[in-house]
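Heads up: the structure comes next, in structure tokens.
Values quoted throughout were computed directly from the atomic coordinates according to the rules given, and no laboratory measurement underlies them. From a predicted model like this one, the values you see are computed outputs, not experimental measurements. Cβ placement follows ideal geometry from the backbone for every residue including glycine, while neighbour counts extend to all protein chains displayed.
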Amino acid sequence: MNGSVATVRAGLVTTGGTLASRLLAARFPRSDDELVIGALPARALAERFGTPCYVFDAAILRENLAAVREALGPRVGVLFALKANPNAAVAQLLHAGGAGAEVASAGEIHVALRAGIGGEAMQFAGPGKHGEDLRLALREGVLLNVESAAELEAIAAAAREAGVRARVALRVNPPASMTGSRMRMSGGSAKFGIDAGALEDVARRAEALDGVALEGLHTYAGTQTFDHEGWLANARWLVERARALDAALGRRLASLNFGGGFGVPVFDKDTPFDLAAAGEGLRALIDEDGADRRYHVELGRYLVAEAGVFLTRVTYLKESNGKRFAILDGGMNQHAAATGMGTVIRRAYPMVRATRLKAPAGEEGCQLGGPLCTPADVFPTAKGLELEQGELVAFLSSGAYGLTFSNVLFLGHPAPAEVLVDGEVAEVVRAAGRPEDALRGQRLPGEAG
């Protein structure tokens, strides 16, 4: 592994202090008293592109993908899970580094195609694929990860209608949940995948159906997984299922997708996923399998989260019954994850005063709120964060599940721009919205279509 990649991955493990300070040291080393993304100061980016906006650092994206590919070895293909950040420029950059795409809708197929990723390099997961999802996937030759016996029949029917043969893999629901995952997506009853006990029957049905070519197995047991041993145990389980199915079908399956979900620290006490140990274990497992198969992992957050920064500005300061509030121009409609949406316990995202990194923490701090007319639009904050009128605030680790996870239509505020920084070059890769976008697609009764 080259020195720069090794240093980036190790920095989050060995450096003390808060998560924000560790991210600054490891990911944005050019920063002094002002956050520098790529080679560009945050203040200049905010003035040029306006706030709120998302900024993605191309160098970090490349480093993350290179680290994963080197750790897992040449036999493991990496698929970028577009759900984490469905920006075509981000996908294009990762594809240039050797990544394919994991998609979950016809819309994401279109994004992947725009990024230059061919259907043969895509895999499609999700329990409700139908209609245009299937038609487009079949037309482009995308591998479909089948989630139920009923979906298999629908895929076969769509393939016969289209006059093509569908490439499919069976997504397996393991009997037990994976340890160490913040969000578990397998074990017991689940809407995802085919229960292990039914796997052979569904595989035999796939073999018998016209219009279907069974290529392999897929699993995705959980996300934000910080226990590499639990992840490897799930990978081993999948290999064992593949071997059993090889014997039952009398032929060797050509493809195994181990899923992904490698954990990324977003709170101070989070510890990084041990990529090196996971890679060592997976390489050994593949050698032990001894099969001529294609192997894949699918990663979203792990590739893009730490490459992204959400820049927002303090619009107003106020006091209410002895408590200070800072009202930002960006809110939960643009960065829902940073407000704690979807979590049981709301904890502070890593955030910094973008132009006063060295300023000491205050004694009292203030509560951060967005511009929306709802009490849910507040950001959990670190103790002692004191802000000034007009100050630029940066939420770090915001490259994944940022705009894509947010309720952008709520209250009609425009969407923020997305900007890609590559060294000294910054380009808009998703234009900022406009207030009139609130009317997009709407019609009054009687208006022409």
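Worth a mention:
- Length-normalised contact order for the chain - Cα pairs under 8 Å, 6+ apart - percent: 19 percent
- Loop-located trypsin sites (Lys or Arg not before Pro) in region 15-80 whose Cβ has at most 15 other Cβ within 10 Å (DSSP): Arg30, Arg75
- DSSP bridge pairs, region 118-299: antiparallel proportion in percent, nearest 5: 10 percent
- The listed peptides 374-386, 87-99, ordered by packing as a protection proxy, come out as 87-99, 374-386 (highest mean of other Cβ atoms within 10 Å first).
- A dipole drawn for region 118-299 from +1 and -1 charges on Cβ atoms has a positive end, and of Thr219, Leu249, Ala233 the residue lying farthest that way is Leu249.
- For Thr404, Thr51, order by how many other beta-carbon atoms lie within 10 Å, fewest first: Thr404, Thr51
- Put in line by how crowded their Cβ is, counting other Cβ atoms within 10 Å and starting with the fewest, Cys366, Cys373, Cys53 read Cys373, Cys366, Cys53.
- For a straight C-alpha distance cut-off of 29 angstrom, the lysines reachable from Lys383 (same-chain residues fewer than eight places away being disregarded) are Lys269, Lys318, Lys323, Lys358.
- Val393 long-range amide H proximity, modeled H, under 5 Å: Thr312, Arg313, Val314, Ala354
- Cα-derived Rg over Rh, computed across the chain with Rh taken as Kirkwood radius: 0.99
- Cα→Cβ-extended label distance, 7 Å offset, between Arg251 and Glu424, nm: 5.7 nm
- Ascending count of other beta-carbon atoms within 10 Å, so fewest first, for Trp231, Trp237: Trp237, Trp231
- Under the Karplus curve 6.51 cos²θ - 1.76 cosθ + 1.60, θ = phi - 60°, whole-Hz ³J(HN,Hα) for region 402-411, x wherever Gly or Pro sits: x, 4, 5, 9, 9, 7, 4, 6, 5, 6
- In summary, the lysines within cross-link reach of Lys191, defined as a Cα separation below 19 angstrom excluding same-chain residues under 8 places away, comprise Lys83, Lys129.
- Measuring r between the beta carbons of Ala438 and Ala276 and using R0 = 60 Å, the FRET efficiency lands at 0.80.
- Modelled this way, with points 7 Å down the Cα-to-C-beta line, the labels at Arg356 and Asn407 are 3.2 nm from one another.
- In degrees, nearest ten, helix 58-72 long axis to first principal axis of the chain (Cα): 40 degrees
- By the compact-protein rule of thumb, 2.2 N^0.38 Å, the alpha-carbon radius of gyration of region 118-299 corresponds to a ratio of 1.03.
- Within region 403-449, trypsin sites (Lys or Arg not before Pro) in DSSP loop having at most 14 other beta-carbon neighbours inside 10 Å: Arg440, Arg443
- Cβ charges +1 (Lys, Arg) and -1 (Asp, Glu), total dipole of the chain, debye: 220 debye
- At full extension, Asp287 and Asp33 could sit 86.6 nm farther apart than now, given 0.36 nm per residue minus the alpha carbon distance.
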